[in-house]
Amino acid sequence: MQAPDPHQLLRQLSATWQKVRIPAGKTVELMHFVSQEVLRSAGIAAAQRLIQLPPEALAGLTTTDATAIQNFSVPQNLTSALAALLSSPARSPAAQSPETASPRL
């Protein structure tokens, strides 16, 4: 058996949840996000936005998902209180801070 390539090990993601209870015959969902940012400030901005469940985090979810997700308070109507990100070819959407992503009034 050959030893794993250390470069490949760096590309693997592992997540662990503790104390998850799944009632008999039921389904639960745990939601997580990955953001690839080069700058620490961009990573913090992405995390601060994602924890608020912006529209891009709710896209593709169903009302069944909203009920089953255990680690976020997903709105049952799947509508975010945040404005959608404006796309920019110069910046990745996750790197935009809420201040620069939201339209100014």
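Rounded to whole numbers, the Karplus 3J(HN,Hα) couplings from phi for the range 71-78 are 9, 9, 8, 7, x, 4, 8, 6 Hz, using 6.51 cos²θ - 1.76 cosθ + 1.60 with θ = phi - 60°, and x at Gly and Pro. Round to the nearest 0.05 the FRET efficiency obtained for K19 and D65 when R0 = 25 Å and r is the Cβ-Cβ distance. Step by step, r from the Cβ atoms, then E = 0.75.
Among residues other than G43 with Cβ under 12 Å from its Cβ, the summed charge is +1 (Lys and Arg +1, Asp and Glu -1).
Taking amide H atoms as placed 1.01 Å from N in the peptide plane, the amide H of I69 lies under 5 Å from those of E29, each 5 or more residues away in sequence or on another chain. Each peptide in 64-75, 25-36, 45-56 gets a packing score, the mean of other Cβ atoms within 10 Å over its residues, and the list from highest to lowest is 45-56, 64-75, 25-36.
Read-outs throughout are calculated quantities, based only on the coordinates presented, and are distinct from any laboratory measurement. Please read all numbers here as calculations on a predicted model, not as lab measurements. In this analysis, Cβ positions are derived from the backbone assuming ideal geometry, glycine residues included, and neighbour counts consider all displayed protein chains.
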